[in-house]
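Asker: This is the structure I want to talk about, given as structure tokens.
Just so it is clear, none of the values below were taken in a lab; they were calculated from the coordinates. These numbers come from a predicted model, not from an experiment. Cβ coordinates were reconstructed from backbone atoms using ideal geometry, including for glycine residues, and neighbour counts include every protein chain displayed.
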């Protein structure tokens, strides 16, 4: 296996990342078993100041930054995390986001003191604009999944899984730009090679999955999913190359399954998950035979939802009916 | 300070308690500040297999048990935790609960393999029945808050708070039987005596608070609160004696404030809390002047809710209006 990542650097990263993002809860959630037909362990990345795993990467970025400013494009979670890590160190952070991004995420980016610029288009336009700002001002561009700090920060999750007492057969990882999948995948393939790494992406934002299947970059013309955290159209070649080394499979899931996953996590685990955080459960729901009786880990990677959306998603179909 | 607890034993307890219950998330939740007017840090006790802090105590109980069986009365969380700790060690666990207890809690107790006996009355009747079972069968009666394991298990939360990097002025602790309040209170009064310990109980279940204020046991004739986890009527004298040593104040909060607390935790922190877990936020909401700009810790002690109840509690008043 030859990826851009380095496990020794991942170990060292833990010395730099604020402990508030590390050693997150990891436990078997038996109450999910009857619905899913397999043993589900949860790695919970939402109980921290930015409610997603992204702080692991931005702590690395911010602690190693050469200058005093940085800019990133973000669907909302990376921007929040970079704003948090930057504020802590007195850095000027600019975040570029789509004006269609989840308002709750944009509010938190502003509240954390970052400069927020909205573009009238999707996440790919935000990426273009962030690159333009970096070029014109000379400040550091933080590119999610391309920049190794973002991958190796996320990879610390993999170390925690390997060092845990529990054993498991499969890890389900939300797939967007690929930082989390290549990060966790790299560490597990090196330290626990028998564990199956399955990436999960929405049918409505399949670019990286299609690229992984075809073994070449495939871009798409639009995305259509509530899982805003993983809704990209232009996979990064270097990240795809790493993903091809570490992923055993990449599956696509329907929107209805993602919503069902959000609801199951609330009902049976008492957890708030944003749609990207429920992709693993969606995959289990769609493939009961494949996962029957297996010991599966799913990473609840974020909980930044608009409350009214979450209210709607967690209603049981019968309750929704009764409200009509 | 002279309580029944011993800090050295509390330290030793951490070697015995399953790590899945220890070193829980502790972080500042800035998104709550605008609503509450103070700095709120959350100690999250819900991301574990039983969704409450009670596993800390039952791990101690079960690991030190002389026989092979135990019985406890429970509103649902202690019973779940004792069932979990007992199953792990091959023990026979019996749980006695009110038939009015939260169904989601009773379902989990059964699922964890314990024998569940329901009484046609409230928690105090369940306590009587559990004691009767212990007398007639000779098995160990686990009495929440009276038995030191339950207090010293909960006290490990206090050690984690003291050892954390953050500093704080006040800790708000849900008050029921008193195990958590005396446990955390003991450790903090010994190791961080400047921290203010405030217990919070619902107006509808005020027995321990009234007793603390009068410095003698005061029983009440009924309880009326959604905070089922703290709804007792007969304080235990030994626990009151400890509480008088460690608590700086005990306050009562209205049901509407508890619901508002549950809603704020969902909306701004992305957390599911059962009503007992939102008592601290209720106290902040009712006393904005007292807590203005202070650094407050609140322990989210449980998340075992009936999903439809939680759906109702987290609706904003305007949303509820629009559904009518």
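Asker: Put one equal scatterer on each alpha carbon of the range A:1-43, apply the Debye formula with no solvent term, and list log10 I(q)/I(0) at q = 0.15, 0.29, 0.30 1/Å to two decimals.
Answerer: Each listed q corresponds, in turn, to -0.64, -0.96, -1.00.
Asker: While we're looking at this one, here's another question. So if we plug the beta-carbon distance of residue A:238 and residue B:214 into 1/(1 + (r/R0)^6) with R0 = 60 Å, what FRET efficiency do we get, rounded to 0.05? Before the final figure, lay out each step's value.
Answerer: On the way: r = 70 Å, r/R0 = 1.16.
The calculated FRET efficiency here is 0.30.
Asker: For the range B:146-275, max minus min Cα coordinate along each principal axis, in Å, sorted largest first?
Answerer: 42, 39, 24
Asker: While we're here: Over the Cα atoms of the range A:221-265, each weighted equally, I'd like the Debye log10 I(q)/I(0) at q = 0.20 Å⁻¹, rounded to two decimals.
Answerer: Taking Cα atoms of the range A:221-265 as identical point scatterers yields -0.86.
Asker: Another question, then. Just grab the label-to-label distance for residue B:203 and residue B:120, each label 7 Å out from Cα along the Cβ direction, in nm (one decimal).
Answerer: 3.3
Asker: Do me a favour and compute the ellipsoid semi-axes for the range A:223-324 from its Cα gyration tensor, root of five times each eigenvalue, largest one first, whole Å.
Answerer: The equivalent ellipsoid of the range A:223-324 has semi-axes of 26, 17, 12 Å.
Asker: Order these by the 10 Å Cβ neighbour count, fewest first: A:298, B:289, B:225. Show your work: numbers first, answer last.
Answerer: Values: A:298 30, B:289 6, B:225 21.
Final ranking by Cβ density, sparse to dense: B:289, B:225, A:298.
Asker: May I have the pair-distance distribution P(r) for the range B:55-142, computed from all Cα-Cα distances with 5 Å bins from 0 and rounded to whole percent?
Answerer: 3, 18, 29, 26, 18, 5, 0
Asker: Using only helices, what value at 222 nm comes out for chain A when you add -39,500 (n - 2.57) per DSSP H run of length 4 or more and divide by the total residues, to the nearest 500 deg cm²/dmol? It would help to have the intermediate numbers written out before the result.
Answerer: Working: 15 runs with 148 residues, N = 324.
So the calculated ellipticity at 222 nm is -13500 deg cm²/dmol.
Asker: Based on alpha-carbon centroids, what's the gap between the range A:73-114 and the range B:166-202 in Å, whole number please?
Answerer: Centre-to-centre distance over Cα atoms comes out at 35 Å.
Asker: To continue, here is another question. Give me Rg/Rg_expected for chain B, where Rg uses Cα atoms only and Rg_expected = 2.2 N^0.38 Å with N residues.
Answerer: In units of the 2.2 N^0.38 Å rule of thumb, it is 0.92.
Asker: What relative contact order, as a whole-number percentage, does the range B:55-142 give when Cα pairs under 8 Å and 6 or more residues apart are counted?
Answerer: 34
Asker: Related question: May I ask you to report, in nm to one decimal and beginning with the shortest, the distances from residue A:131 to the same position in the other copies, taking label points 7 Å along Cα-to-Cβ?
Answerer: Ordered by increasing distance: 7.4 nm.
Asker: Here's another thing I want to ask about it. For the pair residue A:100/residue B:110, report the inter-label distance in nm, with labels modelled 7 Å from Cα in the Cβ direction.
Answerer: A separation of 4.7 nm, rounded to one decimal place.
Asker: At a Förster distance of 41 Å, what's the computed FRET efficiency of residue B:289 paired with residue B:23, Cβ-Cβ distance as r, to 0.05?
Answerer: Between residue B:289 and residue B:23 the formula returns 0.75.
Asker: Just need the relative contact order of chain A here, percent rounded to a whole number, with Cα pairs under 8 Å and 6+ apart.
Answerer: Answer for chain A is 21 percent.
Asker: Mind checking the full-extension length gain between residue A:165 and residue A:66? Use 0.36 nm per residue of separation minus the Cα-Cα distance, one decimal, nm.
Answerer: 31.8 nm
Asker: How many angstrom lie between the C-alpha centres of the range A:1-46 and the range B:269-314?
Answerer: 27
Asker: Set the Förster distance to 56 Å, then compute FRET efficiency between residue B:15 and residue A:4 from the Cβ-Cβ distance, nearest 0.05.
Answerer: Efficiency computed from Cβ-Cβ geometry: 0.85.
Asker: A further question on this structure: Give the order of B:54, A:189, B:105 when sorted by the count of other beta carbons within 10 angstrom, beginning with the fewest.
Answerer: If I rank by nearby Cβ atoms, fewest first, I get A:189, B:105, B:54.
Asker: With N set to the number of residues, divide the alpha-carbon radius of gyration of the protein assembly as shown by 2.2 N^0.38 Å and report two decimals.
Answerer: 0.95
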